Ligand code: HEC
Ligand code: HEC
Ligand code: HEC
Ligand code: HEC
Ligand code: HEC
Ligand code: HEC
């Protein structure tokens, strides 16, 4: 039933708004504040498109179709850490400076797209340029339908509950491309979830290092996104999050988006889940 997801998402979004407003804060001021915050959250697009990047900075000039990079298929096989720490991809679109000369020499996409791990970037009689430089995304959309079918459902983002998919073993992303490399351990004292108090007390947020450590190294967040001292991050409001800062650096682009209030604000009764 994923084909009707657009409508479902709209309904879900509206329900979230109404449920949050009804069940929500007792005071009119809080209510107006919530309303304004919610209005600035973009609506969820088609599930397959969430986290799917169009890369055309260099291709346009070269007369090649844009490259389409789907996070969903890749993250099912590799944790964020593999690409964003080990292989040096930036988490800012366009920032890495990927070019043909770099990837044919085995960097970036070429670390895997070498004809062994995945189809090759090299030229030759068996060239497969068009599998990345896609003129048309219909095949990819169809691939998504099949891919998502067996995975646990979530209302927003890819329509996939990625955390649950890992928990129940539906996907088992690799943590490194190297063999036998030791993975850093999470320090004991970071194992307890942390409470982040908010300006509006009913909206307190729980953040768990452990839930993130599975996918990400410390350097993904510290010191660029968050200070390492609790409650020291400046201007850490919902609004700044929605504009892609702090939690929003991932939770608006690749990880489940901010539309899914209840997954961060456990006390909000604004959760709505179809099915
Ligand atoms: C695994 C995916 C992948 C494959 C396969 C692939 N490319 Fe690319 N290609 C990219 C990416 C990523 C970029 C950088 C896109 C950007 O930022 O504009 C790129 C950029 C380019 C550019 C722009 C010029 C430059 O210096 O970067 C050309 C030309 C190009 N590719 C040609 C080819 C040809 C020819 C083939 C097949 C022989 C091919 N590509 C196969 C991913 C791929
Ligand atoms: C197979 C490699 C790969 C994996 C795995 C991967 N990413 Fe990425 N990611 C990329 C590439 C490539 C880019 C684009 C970099 C560029 O344009 O310079 C990117 C960009 C991003 C961006 C910026 C997107 C935007 O629209 O601006 C975010 C955020 C991000 N990744 C988060 C994640 C998270 C979180 C995970 C794990 C759940 C993850 N990535 C897993 C390769 C990967
Ligand atoms: C860590 C390994 C890894 C990296 C890095 C990587 N890929 Fe892939 N990619 C794969 C694997 C594995 C597949 C599926 C294998 C196959 O079909 O040959 C795949 C498949 C794809 C597909 C086909 C559609 C799909 O998702 O199945 C596209 C398009 C693609 N990659 C683009 C890229 C681009 C563009 C980059 C660099 C920006 C990149 N990949 C970097 C491992 C990687
Ligand atoms: C997904 C993002 C993310 C990752 C990955 C991450 N952290 Fe944090 N960390 C946070 C946030 C958010 C805070 C709270 C910041 C605040 O309140 O201003 C925090 C706070 C901390 C604190 C202060 C805790 C306290 O009780 O005062 C320490 C120490 C810390 N992190 C260490 C680490 C280490 C070590 C790693 C890697 C094992 C790591 N972090 C990985 C997001 C992250
Ligand atoms: C560097 C990227 C990144 C940042 C920054 C980040 N997260 Fe996450 N978070 C993830 C990824 C990846 C997952 C796995 C689930 C997914 O992709 O939807 C996740 C999962 C979670 C989960 C678990 C959901 C569940 O159902 O188990 C919660 C809650 C969460 N994040 C809250 C936060 C909060 C609150 C912040 C800011 C203080 C934050 N995250 C910052 C990447 C990030
Ligand atoms: C990825 C996690 C995440 C999601 C999803 C999320 N929030 Fe937040 N929210 C935060 C964080 C982090 C803060 C600020 C925490 C702090 O101040 O320490 C916050 C703060 C708030 C506040 C307090 C006022 C303020 O600006 O600080 C309200 C109200 C709020 N969020 C409402 C919502 C609503 C409504 C939704 C769903 C539409 C939502 N949030 C979804 C993480 C999230």
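Quick one: residue 164 ticks every box in (1) near ligand 3 (Cβ under 9 Å from one of its atoms); (2) surrounded by 13 or more Cβ atoms within 10 Å (Cβ to Cβ) except a single one, so which number is it? Only one criterion in (1) near ligand 3 (Cβ under 9 Å from one of its atoms); (2) surrounded by 13 or more Cβ atoms within 10 Å (Cβ to Cβ) is unmet by residue 164, namely (1). Of the residues making up region 39-69, just one is on the phi > 0 side of the Ramachandran plot and buried (at least 16 other Cβ atoms within 10 Å of the Cβ), namely 51.
Would you confirm whether any residue within region 159-180 is more than 29 Å from residue 86 (Cα to Cα) and touching a strand residue (DSSP E or B) at 6+ places or on another chain (Cβ under 9 Å)? Write out each step before concluding.
Initial filter on region 159-180 (more than 29 Å from residue 86 (Cα to Cα)): none.
Among the residues of region 159-180, not one is more than 29 Å from residue 86 (Cα to Cα) and touching a strand residue (DSSP E or B) at 6+ places or on another chain (Cβ under 9 Å), which makes the answer no.
Yes/no per residue for (1) within 16 Å of ligand 4 (Cβ to nearest atom); (2) closer than 19 Å to residue 46 by Cβ; (3) surrounded by 15 or more Cβ atoms within 10 Å (Cβ to Cβ); (4) without any contact (Cβ under 8 Å) to a residue 60 or more places away in the chain:
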| residue | (1), (2), (3), (4) |
| --- | --- |
| 94 | no, no, no, yes |
| 98 | no, no, yes, yes |
| 102 | no, no, no, yes |
| 133 | no, no, yes, no |
| 136 | no, yes, no, yes |
| 177 | no, no, no, no |
| 190 | yes, no, no, yes |
| 197 | yes, no, no, yes |
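Total residues in region 72-83 satisfying the condition of being surrounded by fewer than 18 Cβ atoms within 10 Å (Cβ to Cβ) and in a helix (DSSP H, G or I): the figure is 2. The residue that is surrounded by the fewest Cβ atoms within 10 Å (Cβ to Cβ), counting only those in region 246-269 that are more than 9 Å from ligand 2 (Cβ to nearest atom) and outside any loop (DSSP other than H, G, I, E, B), is 262.
Bear in mind that the values in this text are calculations on the coordinates, not laboratory data. What you see is a predicted model, and the numbers here were worked out from it, not measured in a lab. Glycine also receives a Cβ, built like all others from the backbone with ideal geometry; neighbour counts cover every protein chain displayed.
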